[in-house]
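The numbers here are math on the coordinates, done by the rules we state, and not lab data. Since this is a predicted model, take the numbers as computed values, not measurements. Every residue, glycine among them, receives a Cβ derived from its backbone with ideal geometry; neighbour counts consider all protein chains shown.
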Amino acid sequence: MKTLFKISIFVFALFLSTSLFINCDQSSAIKKNTPTIASTENTLDYNVKEEVISRNPLVFITGFDKGTESYYNNARAYFEEQQFEIVEDQYSLEEIINWLNNNESEKPYGEIHIVNNSNPFKGLSLETVIKGEKITAETLRKNITKGTLPILRESVNANSKIIFHANGLGENKELMNTFKDAFCSDEVPNVIASPYYSIFNGDFTQHYLAKPHYVFYPTAYSPGKVDLSKEIAAKYPEEKDIDWLDVLYNDEERFVGEAYTKQFTIPLKFELDYHNSDNEIPTFENQDELMDFIELQDVLYAEVKQLNIPIEKFRWSYQLKNSTLIITGKTTGLVVLKPLIKPYGELEYITPDTNNKRLYTMK
């Protein structure tokens, strides 16, 4: 009787062990074949997860000031005061990604700031690869497709932020999406930029954002500030509190929140080689003939249209060099910058918070 009892206990124990072993295998199979169910089961995880600590923020200064400019020096001073790590002399996306790969550690990168004094109409002044084309959505996509850009290693995670301080970049959705692909890793970081201008070392605060308003004219052929003020007023009828004529004479912020004007130029250059062409090299009597010719050339006109600036806002000229027709155009832009101020209480700047989706585009 005792022997029979012992045998029964042994058989029951063996059955229980086998049953548990089979359940573990089934659980593994379920996780492999039905990820949705596995995800549901994982919600019942009572283990304490270790908090991932990111590295301190770092800043890439991707250019240098020319003449009386001070954009990069001002940005550097601001971030040094924040005690961020400053990285100099990285003038292409290739160099930035290589630096991140060569300096990775056990801690993932947290905030990666990229400072570039860009022109919203011409893309960034940052190169794609070393001595390569400047970054636009097209040039960046081309380098990604060709595989000429290095691949970002597992040094970032889904909480990492790549924050661009580049004027108006947040409005360029195509370029923002392309940057997302360029920084793709095992985990995809967040790419962040503002549609506004990023101003450093202002007269009343160290960093603020400003809303841009544009008007253009052919370089050296200004219609005058009165006509320009009427044109920009018609272009932005929702802006009721800016005196457009007065602001065009104002090149600095004289009190908190005051709008002011900056000037810039955008050049274009086309070269057409007629050496092996059956067509005669054209000549032009005036600007209208030149513009008519450009509009008939699909490739040339596409580049003009991409800027979203009317062709008549450029001063066009041409010259012949052997069998090459060289056409140049230049427009002068005036940008009226209106600092973002809190709409209530005392005059106070809105803090450039990169988590604020009203201020920054996040991809």
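Please arrange Val226, Val87 by how many other C-beta atoms lie within 10 Å of their C-beta, fewest to most.
On the way: Val226 11, Val87 19.
Arranged by neighbour count, lowest to highest, Val226, Val87 become Val226, Val87.
Net charge near Phe216: determine it from the other residues with C-beta under 12 Å of the C-beta of Phe216, scoring Lys and Arg +1 and Asp and Glu -1.
On the way: positive: Lys235, Lys313, Arg315, Lys330; negative: Glu231, Glu312.
Neighbourhood net charge equals +2.
So if R0 is 51 Å, what FRET efficiency would Asn56 and Asn250 give, r being the distance between their Cβ atoms, rounded to the nearest 0.05? It would help to have the intermediate numbers written out before the result.
Values: r = 39 Å, r/R0 = 0.77.
The formula returns an efficiency of 0.85 here.
Which order do the peptides 268-280, 144-156, 191-203, 92-104 come out in when sorted by mean C-beta neighbours inside 10 angstrom, highest first? Could the numbers behind the result be given before it?
Working: 268-280: 10.8, 144-156: 15.5, 191-203: 21.2, 92-104: 17.9.
Ranking, from highest mean packing down: 191-203, 92-104, 144-156, 268-280.
Quick check on segment 210-339: take the gyration tensor over C-alpha atoms, sort the square-rooted eigenvalues as a ≥ b ≥ c, and tell me if it's rounded (a/c under 1.5), prolate or oblate. All intermediate terms of the calculation are to be shown ahead of the outcome.
Details: a/c = 2.98, a/b = 2.97, b/c = 1.00.
Here segment 210-339 falls in the prolate category.
Could I have the simple spin-label model distance between Lys235 and Ala158, label points 7 Å from Cα toward Cβ, reported in nm to one decimal?
4.3 nm
Around Asn73, with a cut-off of 11 angstrom between Cβ atoms, what is the net charge of the other residues, counting Lys and Arg +1 and Asp and Glu -1?
-2
Run down the lysines and flag those whose C-alpha is under 27 Å from the C-alpha of Lys269, throwing out any fewer than 8 positions away in its chain.
Partners found: Lys66, Lys122, Lys131, Lys134, Lys142, Lys146, Lys173, Lys305, Lys313, Lys321, Lys330.
Which order do the peptides 213-225, 178-190 come out in when sorted by mean C-beta neighbours inside 10 angstrom, highest first?
178-190, 213-225
Specify whether the C-alpha gyration tensor of segment 114-157 places it in the rounded, prolate or oblate class, a ≥ b ≥ c being the square roots of the eigenvalues: rounded for a/c under 1.5, otherwise prolate if a/b is larger than b/c and oblate if not.
On the way: a/c = 2.16, a/b = 1.38, b/c = 1.57.
It comes out oblate by the Cα gyration axes.
How much of the calculated P(r) for segment 267-350 lies past 19 Å, in percent of all Cα pairs?
I get 50 percent for the Cα pairs in segment 267-350 exceeding 19 Å.
Between Glu138 and Asn276, what length comes free when the chain is fully extended (0.36 nm per residue of separation minus the Cα-Cα distance, one decimal in nm)?
46.8 nm
Restricting the count to DSSP beta bridges whose residues both fall in the chain, what percent are antiparallel, rounded to a multiple of 5?
Antiparallel bridges make up about 70 percent of those DSSP assigns within the chain.
What does the extension gain come out to for Asn355 and Lys330, with contour length at 0.36 nm per residue minus their alpha carbon separation? Kindly include the intermediate steps, with their values, before the conclusion.
Numbers: separation 25, 0.36 × 25 = 9.00 nm, distance 3.80 nm.
Full extension from Asn355 to Lys330 adds 5.2 nm.
Would you kindly give the portion of the calculated P(r) for segment 111-186 that falls above 14 Å, as a percent of all Cα pairs? Write down the numbers at each step before the final one.
Working: 1768 of 2850 pairs.
So the pairs more than 14 Å apart make up 62 percent of the total in segment 111-186.
Test of understanding: extend the Cα→C-beta vector of Ala302 to 7 Å, then name every residue of segment 95-138 with backbone N under 17 Å from that spot.
136-138
What is the sum of charges around Lys225, taking Lys and Arg as +1, Asp and Glu as -1, for the other residues whose C-beta is under 13 Å from the C-beta of Lys225?
On the way: positive: Lys230; negative: Asp227, Glu231, Asp243, Asp246, Asp251.
Charge balance in the 13 Å sphere: -4.
Per the helix-only calculation at 222 nm, which mean residue ellipticity applies to the chain, given -39500 (n - 2.57) for every DSSP H run of n ≥ 4 and division by its residues, nearest 500 deg cm²/dmol?
Calculated mean residue ellipticity at 222 nm is -10000 deg cm²/dmol.
Please report, in whole Å³, the volume per residue of the convex hull around the C-alpha atoms of the chain.
In the chain, the Cα hull volume divided by residue count equals 247 Å³.
Roughly how many Å is it from the Cα centre of segment 316-361 to that of segment 204-252, as a whole number?
With segment 316-361 and segment 204-252 each reduced to a Cα centre, they are spaced 12 Å.
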